[in-house]
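Presented below is the structure to which this report refers.
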Amino acid sequence: HLQVKCFTIVPSPNEIARLRAEVANLEARGGKAVLTVCGPEKRLCAEIDTKAPEYGERGQF
């Protein structure tokens, strides 16, 4: 007889508050990113405006 247990991991209220504060801080600094997964490896990707000027020393946006 095989038993399978499923668990849902939910952040604590303190962790949720910390994450919300971090998001608010990033948005206040202009960091509103559109994130998705892409490619067969399902890597984390961010949508960018390729016509925008470069900001970093190595061409980062």
Exercise for review: Mind checking the full-extension length gain between LYS32 and THR8? Use 0.36 nm per residue of separation minus the Cα-Cα distance, one decimal, nm.
Suggested key: 5.8 nm
Exercise for review: With Rg/Rh (Cα atoms, Kirkwood Rh) defined as stated, name the option among (i) 1.17; (ii) 1.35; (iii) 1.06 computed from the structure displayed.
Suggested key: (i)
Check your understanding: Mind ordering 45-51, 6-12 by average Cβ neighbours within 10 Å, highest first?
Key -> 45-51, 6-12
Point to revise | Between 0 and 90°, nearest 10: helix 13-28 axis offset from the chain longest Cα axis | key: 10 degrees
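FYI, it's all coordinate maths here, none of it is from the lab. All of these numbers come straight from a predicted model, not from anything done at the bench. When we count neighbours, we look across all protein chains shown, and the Cβ atoms used for this are built from the backbone with ideal geometry, even at glycine.
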